[in-house]
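Trainee: Below is one structure. I have some questions about it.
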Amino acid sequence: MGNKLSSISSSDRRVRAKQVDDEPVFASPVAPSHRDGSRLSRSHSSHETLCEKHVYHLPRQPPPTPPTPHRPLAYTPLTVACPPSNDGRLARAYLAFLKSFPEYQSTWILDSLRRTDFARLDRSGETYVDYMGGAQHPESLVRAHSDFLSESILGNTHSVSNSSKLSSICAHDARDAVLSFFRAPPGYTVIFTANATGALKLVGESYPFKQGSSYVLCADSHNSVHGIREFASRHGAEVHYIPSMPTGGFVLSAAKDILQQHHPRDSAPSLFAVTGQSNISNTKNPLEILAHASALGYHTLLDAAALAPTSTISLENTPVDAMAISFYKMFGYPTGVGALVVKESFLKLLERPWFAGGNVDVVQVPGTLVTRSASLHERFEDGTINYLSLSAVTDGLRFLSVYLPFLPLRLSCLMHVLTSSLIQMRHDSTGAPVVKILSKLPSKRLKYIGEEADSGSTVSLIFLSPSGDMIPNSFVEHVAVSHNISLRTGCMCNPGGAAALLGIKDQMALLYPGVTLKDFERVVGRELGVVRISLGLATTFHDVWRVIDFVSNLANDRIRRKLWDAWINVPVGQAI
């Protein structure tokens, strides 16, 4: 079960609903520092001369001074302005929201950011709630990068020309910025990859698995983490899973027991991989499990692709051996660049299965001798790195470091109003629930800037008919598209998490070689997957309100029937 979308024929599209004429009613809301101490500073004074335009310019509105813990920012008049809309219901809902969540006003700087860097969202009328799939790019970041590229001459880093030197400086600055952002102590380096998946694969293919080794991982993990088991099994290692709870994540005591049972013996290296935040179940796993695994002799790998965009990660406090990230999930631009943040001592244990241009010093041809590059990170960067994009990574990290402290509080407010409103939504014909939220609900309501949430900002759910049957995700997605809402449906490349949420772990155990998603769906008797709504840096109350309003349409029997009739008449395979 991967991330392939389901589809059903028009003849199979049926709905069990009773016709009524009521109009939908809106459900009211329920009441980084540099390693030398400087703030993401340029490490080369020559860079300031070579690329003066490259220095990132923040939005015109200066950010407020970060508040002291447990002391919110002062009220600002910006918060009283209703999000842009001519809908009076929205204005009333927004005022009710501010009354229930006054702490939201402390995050007004993100409203200012929305108007300056993400204005295209309001101009287009698109409601984007797929931040777990990819963040939206800040317009000023793209402009700054475009200006830099327009005035700079960059070349392949594998040379000593002026253009190559500038590219090398940009790469060096980007590595330093990554280490600074994640507060990495000395001994860490950065390997640039295509994405977090590439970083995870790099560890999997190079780790010295052998007979007696163990690879321990969580069932609620991305396929890129599961895929490492192929490398482990191929070299004779055993693979052991930490089971998922019904709402995702794992029980800490159970995880410790499994790690203890399979801890490294007889000098056989063993690897433990943990997902910092699930991309489907919304759980944040306790990172202290990494220190426990390390104490047992495991090497530790953190998949932080879903965690890094909205949470502060300190490698001083969590000294994991290796961590995988994708920058497009953190700040939207550039795509095609990720990183493995890794201990140099761990890199020395890895064994590359091949070599390529850029990571070698001498190659005997014909022959079998090869001398790897003297630089550790170069040994793992195959070919030429994406040197044109790396300056944007430095500026993107600077950008995110300004706004990240405000994000957990804002998303906490929005998540609470979204989930409480969806839970209260009822079909007007039967009074039955419209949705069933399967992912972890936020249990902690943040009140102050600087606090960290105990869960993510993702809602995975299924829609229900008035009789309680699951409405096909493909219908929900069709209606969302018609309402200009960008969300996600499917299993999110997380089969273990999806199986736990959907209650199909027993059916998962019965899968056979060559099985397809459609085969699996025929056994289960319905489309597989969830509807995923995920919030991020540019999300406002207006976006959340539009999602709630969209769901209210499906609560109205007459409107839902009309939408259903329009959907079943769309030819299968036709773009919508």
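Trainee: Of all residues in segment 140-182, which are within 23 Å of the chain's Cα centre (by Cα) and over 22 Å from Ile325 (Cα atoms)?
Mentor: Answer for segment 140-182, where residues must be within 23 Å of the chain's Cα centre (by Cα) and over 22 Å from Ile325 (Cα atoms): just Ser140.
Trainee: All but one of (1) closer than 21 Å to Ile191 by Cβ; (2) not in a helix (DSSP H, G or I) hold for Phe231; state the number of the condition that does not hold.
Mentor: The single condition Phe231 does not satisfy is (2).
Trainee: For segment 541-562, how many residues meet the condition of being over 30 Å from Glu103 (Cα atoms) and crowded, with 20+ Cβ neighbours inside 10 Å?
Mentor: So the answer is 5.
Trainee: Still on this structure, I have one more. Which of the residues spanning segment 444-465 are farther than 28 Å from Ser224 by Cβ, open to solvent by 10 Å² or more (accessible area, probe 1.4 Å) and not hydrophobic (A, V, I, L, M, F, W, C)?
Mentor: Lys444, Arg445, Lys447, Tyr448, Gly450, Glu451, listed by residue number.
Trainee: Quickly run through segment 404-460 and pick out the residues that are touching a Ser or Thr at 6+ places or on another chain (Cβ under 7 Å), hydrophobic (A, V, I, L, M, F, W, C) and closer than 15 Å to Asp543 by Cβ.
Mentor: Matches in segment 404-460: Leu407, Leu411, Leu414, Met415, Val459.
Trainee: Output the number of the condition that Val190 fails; it satisfies all remaining conditions of (1) of a type outside the set (D, E, K, R); (2) open to solvent by less than 10 Å² (accessible area, probe 1.4 Å); (3) out of contact with any strand residue (DSSP E or B) (no Cβ under 7 Å at 6 or more places or on another chain); (4) closer than 16 Å to Asn386 by Cα.
Mentor: Only one criterion in (1) of a type outside the set (D, E, K, R); (2) open to solvent by less than 10 Å² (accessible area, probe 1.4 Å); (3) out of contact with any strand residue (DSSP E or B) (no Cβ under 7 Å at 6 or more places or on another chain); (4) closer than 16 Å to Asn386 by Cα is unmet by Val190, namely (3).
Trainee: A further question on this structure: Testing Ala480 on (1) under 29 Å from Cys218 (Cα atoms); (2) within 24 Å of the chain's Cα centre (by Cα), one condition comes back false. Which one is that?
Mentor: Looking at each condition in turn, Ala480 falls short on (1).
Trainee: Here's another thing I want to ask about it. For Val341, only one of the following conditions fails: (1) buried (at least 23 other Cβ atoms within 10 Å of the Cβ); (2) in contact with a Gly (Cβ under 9 Å, 6 or more places away or on another chain). What is its number?
Mentor: (2)
Trainee: Could you pull out the residue among Leu217, Leu200 that is in contact with an Asp or Glu (Cβ under 8 Å, 6 or more places away or on another chain), open to solvent by less than 10 Å² (accessible area, probe 1.4 Å) and either at pLDDT below 95 or not hydroxyl-bearing (Ser, Thr, Tyr) (or both)?
Mentor: The conditions single out Leu200.
Trainee: Determine whether Leu404 is open to solvent by less than 10 Å² (accessible area, probe 1.4 Å), modelled with pLDDT of 90 or more and either part of a helix (DSSP H, G or I) or polar (S, T, N, Q) (or both).
Mentor: When the stated conditions are applied, Leu404 does not pass them.
Trainee: Step by step: first the residues of segment 292-304, then only those that are open to solvent by less than 10 Å² (accessible area, probe 1.4 Å) and in a loop (DSSP other than H, G, I, E, B), then the one that is farthest from Val342 (Cα to Cα). Which residue is that?
Mentor: So, considering only residues that are open to solvent by less than 10 Å² (accessible area, probe 1.4 Å) and in a loop (DSSP other than H, G, I, E, B), the one farthest from Val342 (Cα to Cα) is Tyr298.
Trainee: Testing Asp176 on (1) within 21 Å of Glu381 (Cα to Cα); (2) out of contact with any Lys or Arg (no Cβ under 9 Å at 6 or more places or on another chain), one condition comes back false. Which one is that?
Mentor: (2) is the only condition that Asp176 fails.
Trainee: Residues that are at pLDDT 95 or above, touching a His at 6+ places or on another chain (Cβ under 8 Å) and assigned to a strand (DSSP E or B): does segment 428-435 have at least one?
Mentor: Yes, some residue in segment 428-435 is at pLDDT 95 or above, touching a His at 6+ places or on another chain (Cβ under 8 Å) and assigned to a strand (DSSP E or B).
Trainee: Taking helices (runs of 4 or more DSSP H) that fall entirely within segment 506-576, which contain at least 1 residues that are out of contact with any helix residue (DSSP H, G or I) (no Cβ under 6 Å at 6 or more places or on another chain), within 29 Å of Tyr328 (Cβ to Cβ) and not small (Gly, Ala, Ser)?
Mentor: Per the criteria, 517-524, 541-555.
Trainee: Here is a follow-up. Suppose we filter segment 472-484 for residues that are on the phi < 0 side of the Ramachandran plot and either modelled with pLDDT under 95 or open to solvent by 10 Å² or more (accessible area, probe 1.4 Å) (or both); how many remain?
Mentor: 7
Trainee: Suppose we filter segment 411-443 for residues that are out of contact with any Lys or Arg (no Cβ under 7 Å at 6 or more places or on another chain) and open to solvent by 20 Å² or more (accessible area, probe 1.4 Å); how many remain?
Mentor: Number of matching residues: 13.
Table: residues versus (1) open to solvent by 10 Å² or more (accessible area, probe 1.4 Å); (2) of a type in the set (A, V, I, L, M).
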| position | (1), (2) |
| --- | --- |
| Pro286 | yes, no |
| Ala308 | no, yes |
| Ser314 | yes, no |
| Asn317 | yes, no |
| Phe331 | no, no |
| Ser345 | yes, no |
| Leu350 | yes, yes |
| Gly358 | yes, no |
| Gly367 | yes, no |
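Trainee: Taking the conditions exactly as written (more than 18 Å from Thr157 (Cα to Cα), outside any loop (DSSP other than H, G, I, E, B), in contact with an Asp or Glu (Cβ under 6 Å, 6 or more places away or on another chain) and β-branched (Val, Ile, Thr)), does Thr371 satisfy them or not?
Mentor: It is true that Thr371 is more than 18 Å from Thr157 (Cα to Cα), outside any loop (DSSP other than H, G, I, E, B), in contact with an Asp or Glu (Cβ under 6 Å, 6 or more places away or on another chain) and β-branched (Val, Ile, Thr).
Trainee: What is the number of the single condition among (1) on the phi < 0 side of the Ramachandran plot; (2) over 28 Å from the mean Cα position of the chain (by Cα) that Gly297 does not meet?
Mentor: (1)
Trainee: Moving to a separate point now. Please enumerate the residues belonging to segment 477-505 that are in a strand (DSSP E or B) and touching a Leu at 6+ places or on another chain (Cβ under 8 Å).
Mentor: Thr489, Gly490
Trainee: If you check every pair at least six apart or on different chains, which have Cβ atoms under 7 Å apart with a residue in segment 343-359 that is of a type in the set (Gly, Ala, Ser) first and a residue that is at pLDDT below 95 and open to solvent by 50 Å² or more (accessible area, probe 1.4 Å) second?
Mentor: Filtered contacts from segment 343-359: Ala356/Asp382; Gly358/His158; Gly358/Glu378; Gly358/Asp382; Gly358/Thr384.
Trainee: Can you pull out every residue in segment 434-455 that is in contact with a helix residue (DSSP H, G or I) (Cβ under 9 Å, 6 or more places away or on another chain) and more than 19 Å from Gly529 (Cα to Cα)?
Mentor: Selection gives Pro442, Lys444, Arg445, Leu446, Lys447, Tyr448, Ile449, Gly450, Glu451, Glu452, Ala453, Ser455.
The values are calculated or read from the model by the stated rules, or taken from the named source; none is laboratory data. These numbers come from a predicted model, not from an experiment. Note that each Cβ is placed from the backbone with ideal geometry, even for glycine, and that neighbours are counted across all protein chains shown. Heads up: the accessible areas ignore ligands, DNA and RNA and are worked out on the full protein's heavy atoms, side chains in. Shrake-Rupley method; radii C 1.70, N 1.55, O 1.52, S 1.80 Å.
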